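**Student:** Below is a structure I'd like to ask you about.
The values are calculated or read from the model by the stated rules, or taken from the named source; none is laboratory data. Source: prediction; values computed, not measured. For neighbour counting, all protein chains shown are included, and Cβ atoms are generated from backbone atoms with ideal geometry for every residue, glycine included.
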Amino acid sequence: MARTDLDVPQSVTDLVTPTWEYAPAPQAIDVVSIAATNDLFIGGDWVSTQDGSTTSTLNPATEDHLADYTVAGPADVDAAVAAARTAFASWSRLRPATRGAYLYRIARIMQERAREFAVLESLDNGKPIRESRDVDVPTAAAHFFYHAGWADKLDWAGLGPGPRPLGVAGQVIPWNFPLLMLSWKIAPALACGNTVVLKPAETTPLTALLFAQVCQQADLPPGVVNIVTGDGDTGAHLVSHDGVDKVAFTGSTAVGKAIARQVAGSDKKVTLELGGKAANIVFDDAAMDQAVEGIVNGIFFNQGHVCCAGSRLLVQENVHDEVVERLTERLGTLRLGDPLDKNTDIGAVNSSEQLGRITDLVAAGEAEGATKWELDCALPTNGFWFRPTVFTGVEQSHTIATDEIFGPVLSVLTFRTPDEAVAKANNTPYGLSAGVWTEKGSRILEMAGRLRAGVVWANTFNRFDPTSPFGGYKESGYGREGGRHGLAAYLKPATPIE
Amino acid sequence: MSLTAREAAPPELHEAMRSEAALRSFLHGLGGVDAVGLEARVTGLATRSIKKDAKRTGIDLAIAMVDLTTLEGQDTPGKVRALCAKGIHPDPTDDDCPSVAAICVYPDLVATAVDALGDSGVGVAAVATAFPAGRSSLEVKIADTTLAVDAGAREVDMVIDRGAFLSGRYGQVFDEIVATKEACGDAKLKVILETGELATYDNVRRASWLALAAGGDVIKTSTGKVSPAATRPVTAVLLQAVRDFARLTGQVRGVKAAGGIRTSKDALRYLVLVQEVAGPAWLTPDLFRFGASSLLDDLLLQRTSQRTGRYHSADYLPMA
């Protein structure tokens, strides 16, 4: 095998070198024990349903049954809200530093049980273990750490001295980042002295139920956190419940609008974090290798099940061909498959329903005349899978340029001038996020000021930090989560007379 | 810039070699490297989990890519002979263990290495051009190179003039590489950029292209005498350069990461970079090398433990 000279061949095509195959590196799943049936977590205890039913959740990568869980009915929601109301009286009056101590304890337990959370999240959601392990779970713990620090410093939250909690928060979260969205909701609510009733998504209830165990382990006072699993009706009961003072929702724009209609006329405070169709704008002077990484991370992170995904690539027309060539070459290295393999980059789509939606929108893209490229890879026979897909030749009027696909599908459009980039980026009913790629600092600042999006990433994408407020413009919702701004959603200024 | 220099470049780059000014605008027009994004990508690739067959194959590949190196003032012919023996049979108890790619020494010890290696197939590489600082006249550098090549070195590891590069005298650096390449004759030329002194990834990218355009067969991170030596992000920039150079010119050149790579785990992470940044075509000792001394021992320990299930002490490895 030794060689004397460097026999440098003349071109890449002369080389016939087999790919160095990475052997399977499966994450052991025996770190989690999943109960066959799951009750509701109300008032610090596991309680059976009064008027609900039972359904099941499956592993989207295999379609194997994972567990049965409860679909909470109206009476269950009543009980959960009542438990939260009872707990509010003492929790809101607790010494703020003590509230902070509980949150620190929860954060540490989440870190200690990080492996368990990561495996369970990948089993129930289908996302690669690399992401649940390196992004979801650590960031979720970080949200608790961050808000633990705020608990006794709320006088400096920007609402004047002595801001007050709102009461009982009804929180409904989506299936794309089950544990992370839970922490975005619960951590600030608790830090500010509220109590919560949280409904996890229908297809991903398991990490929320594990989180309930963490609350017990942390000796959190009963009723401060209540978890009611269920479907859309359960969520509707919760957000329309008279005993709820604050509604926080992350999910689709359609449901968000319904919630806004439901709570209109009540004195409930609402924050909505809804859909998006983010523009990821690449200028010709961008650091191209990193821009390509940013495009990949922008749309193929979490199978594109990201509300702030960079689903519209706006690329300056003089580098369009180069960017598309580099991008598709890079996409060739993506590894699609078993979410629990540590080398998997693209996992399973969360549900057959979502897979159907993605498939339909991609068919629409082809029918409207855009050019489709997809990753040449085998798909597992069971489970819900979709190949990373790139559409070029997309026009602003195409469905795939306007509708949120919520899947691993990128639409590539071009622009000629910065003005055109801004016009196209803003030409959407959404306004959650945007990305700008350029080596020119002044252009970043100018673009950030003109893009109507709640988050503008410069030379990066899909970066989440508890200190940074996150939220949308227009149909992407209102209110902010994270940072000092996020606290305002769970506090009201002190008033002399209430 | 000399006319020879311009002719040495691939046709696609002739325009860029027209003048010192053209060369400068070419190098500065390469497009930047975003340090945060680069390092994030490299960190992400480090999470690749290399197990079982992949690990066994990777370790053997890494062994075959080692330029087993000794570059000490205290080097003796005896030490070089011991190193050569080890390079030929890294694991004397296992005939299936690959030989290293080459033995890398100072020019005065090349003859010893050539003699010791015989027809084993292990290459002889020599550092030259006033290694490691490169602070001498071109005449001395060429004489140094000639000394090595005449003694039988088949690969020459030259250093670039970092002072000239950092002060923007790209033409001078280019001409020196061309002159050294000429002095190499048939011997392959590895161009050491000494990335630890170039300070920015943008500079590393420019130096990479400069060296490739001037005819370097391999671009190499470091001498091993300056800290930091090879890092994975810097190596990724070199790998991007050879990948893009091949795309532009059709010519495939190599990369050598040298200095500071001591563990098998680290070596496997480099191989992942090679595969996923440059492409699987670069996963061969012809196109990727490790410049290292202690790395080989760790590779051998890991190799044995992969095969026997037991991890034995370094006392079982013949020292060199």
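**Student:** Find the residue count for the stretch B:155-178, including only residues that are in contact (Cβ under 8 Å) with a residue 24 or more places away in the chain, surrounded by fewer than 21 Cβ atoms within 10 Å (Cβ to Cβ) and farther than 19 Å from B:Ala16 by Cβ.
**Tutor:** Qualifying residue count, the stretch B:155-178: 2.
**Student:** With the requirement that a residue be among the charged types (D, E, K, R) and either within 14 Å of chain A (Cβ to nearest Cβ) or in contact with a Lys or Arg (Cβ under 8 Å, 6 or more places away or on another chain) (or both), what does the stretch B:21-54 give you?
**Tutor:** Once the filter is applied, which keeps residues that are among the charged types (D, E, K, R) and either within 14 Å of chain A (Cβ to nearest Cβ) or in contact with a Lys or Arg (Cβ under 8 Å, 6 or more places away or on another chain) (or both), the stretch B:21-54 yields B:Asp34, B:Glu39, B:Arg41, B:Arg48, B:Lys51, B:Lys52, B:Asp53.
**Student:** Something else about it: Residues that are more than 24 Å from A:Leu491 (Cα to Cα), at least 2 per element: which helices (runs of 4 or more DSSP H) completely within the stretch A:177-256 meet that?
**Tutor:** By residue number, A:206-217, A:232-240.
**Student:** Now for a different question. Can you tell which of A:Thr392, A:Thr402 is modelled with pLDDT of 95 or more, out of contact with any helix residue (DSSP H, G or I) (no Cβ under 7 Å at 6 or more places or on another chain) and among the β-branched types (Val, Ile, Thr)?
**Tutor:** A:Thr402
**Student:** Can we say A:Val225 is farther than 27 Å from A:Pro138 by Cβ and modelled with pLDDT of 95 or more?
**Tutor:** no
**Student:** Could you grab me the full set of residues in the stretch A:456-487 that are over 21 Å from A:Thr139 (Cα atoms) and either touching a strand residue (DSSP E or B) at 6+ places or on another chain (Cβ under 9 Å) or not in a loop (DSSP other than H, G, I, E, B) (or both)?
**Tutor:** A:Lys474, A:Glu475, A:Ser476, A:Gly477, A:Tyr478 - these are the residues of the stretch A:456-487 that are over 21 Å from A:Thr139 (Cα atoms) and either touching a strand residue (DSSP E or B) at 6+ places or on another chain (Cβ under 9 Å) or not in a loop (DSSP other than H, G, I, E, B) (or both).
**Student:** If the requirement is being within 24 Å of B:Asp286 (Cα to Cα) and modelled with pLDDT of 95 or more, which of these qualifies: B:Arg56, B:Arg41?
**Tutor:** From the options B:Arg56, B:Arg41, the qualifying one is B:Arg56.
**Student:** Would you check if there is a residue in the stretch A:351-364 being on the phi < 0 side of the Ramachandran plot, within 14 Å of chain B (Cβ to nearest Cβ) and assigned to a loop (DSSP other than H, G, I, E, B)?
**Tutor:** No, because not a single residue in the stretch A:351-364 is on the phi < 0 side of the Ramachandran plot, within 14 Å of chain B (Cβ to nearest Cβ) and assigned to a loop (DSSP other than H, G, I, E, B).
**Student:** Return the residues of the stretch A:263-311 that are crowded, with 24+ Cβ neighbours inside 10 Å, assigned to a strand (DSSP E or B) and out of contact with any helix residue (DSSP H, G or I) (no Cβ under 6 Å at 6 or more places or on another chain); say none if nothing qualifies.
**Tutor:** A:Glu273
**Student:** Kindly check whether there is at least one residue in the stretch B:126-149 that is surrounded by fewer than 24 Cβ atoms within 10 Å (Cβ to Cβ), within 20 Å of B:Val218 (Cβ to Cβ) and within 14 Å of chain A (Cβ to nearest Cβ).
**Tutor:** yes
**Student:** Within the stretch B:246-268, which residues are more than 9 Å from every other protein chain (Cβ to nearest Cβ), surrounded by 22 or more Cβ atoms within 10 Å (Cβ to Cβ) and over 23 Å from B:His89 (Cα atoms)?
**Tutor:** B:Val255
**Student:** A further question follows. Just name the residue that is nearest to A:Asp338 (Cα to Cα) out of those in the stretch A:393-413 that are surrounded by 21 or more Cβ atoms within 10 Å (Cβ to Cβ) and among the β-branched types (Val, Ile, Thr).
**Tutor:** Out of the qualifying residues, it is A:Val409.
**Student:** Go through B:Asp95, B:Asp108, B:Asp115, B:Asp91 for me and flag whichever is free of Cβ contacts under 8 Å to residues at least 60 places away in the same chain and over 28 Å from B:Gly73 (Cβ atoms).
**Tutor:** Step by step, each of B:Asp95, B:Asp108, B:Asp115, B:Asp91 is checked, and only B:Asp95 is free of Cβ contacts under 8 Å to residues at least 60 places away in the same chain and over 28 Å from B:Gly73 (Cβ atoms).
**Student:** Among A:Thr204, A:Thr250, A:Thr234, A:Thr229, which is touching a residue at least 60 places away in the same chain (Cβ under 8 Å), more than 28 Å from A:Gly149 (Cβ to Cβ) and under 18 Å from the mean Cα position of the chain (by Cα)?
**Tutor:** Being touching a residue at least 60 places away in the same chain (Cβ under 8 Å), more than 28 Å from A:Gly149 (Cβ to Cβ) and under 18 Å from the mean Cα position of the chain (by Cα) holds for just one of A:Thr204, A:Thr250, A:Thr234, A:Thr229, which is A:Thr204.
**Student:** Looking only at the stretch B:55-83, count how many residues are of a type in the set (S, T, N, Q), more than 11 Å from chain A (Cβ to nearest Cβ) and crowded, with 16+ Cβ neighbours inside 10 Å.
**Tutor:** 2
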